[in-house]
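Let me begin by presenting the structure, written as structure tokens, before commenting on it.
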Amino acid sequence: MVVNQTIWDYNIDFKIGCFTFDEALNKKYNTEQGDFVYECHVASFTAYMMRKEHPEWNEIDYLRGTILDGYRFCYTFYCILYYSNLSIQEILLIQAIWIEIPVDYQWEVELIKISE
């Protein structure tokens, strides 16, 4: 749509939310059942730059010696693992993930100049 000049530009944001029904985990992070135990907002440009700076983001040194050693995973899991305060054991208690991808379309409008 940008190439066809239908729109001027756009932004894509990602919202990732993790739910658990584990009472102890909800209590630890002061959340109620049905609320996110972890939430992340990432803009597409930020995600692109992080991927450009760290092309092998799924080969993280701190996973060595853990149950995730050598495991390759998606960017969504990377966000949960890298940015949350959840331990690997707590991540395994996540029972549902909400992924929201809102698109913000931008276009330029020329205003009509009114002569006096």
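None of the figures in this text is laboratory data; all of them are computed from the coordinates on show. Being a predicted model, the structure only gives us computed values, none of them experimental.
Quick rundown of the values:
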{"item": "Using θ = phi - 60° and Karplus 6.51 cos²θ - 1.76 cosθ + 1.60, couplings along the stretch 76-92 (whole Hz; Gly, Pro as x)", "result": "4, 5, 4, 4, 5, 5, 7, 9, 7, 8, 6, 6, 4, 5, 6, 4, 5"}
{"item": "Rg/Rg_globular for the stretch 64-116, with Rg_globular taken as 2.2 N^0.38 Å and Rg from C-alpha atoms", "result": "2.24"}
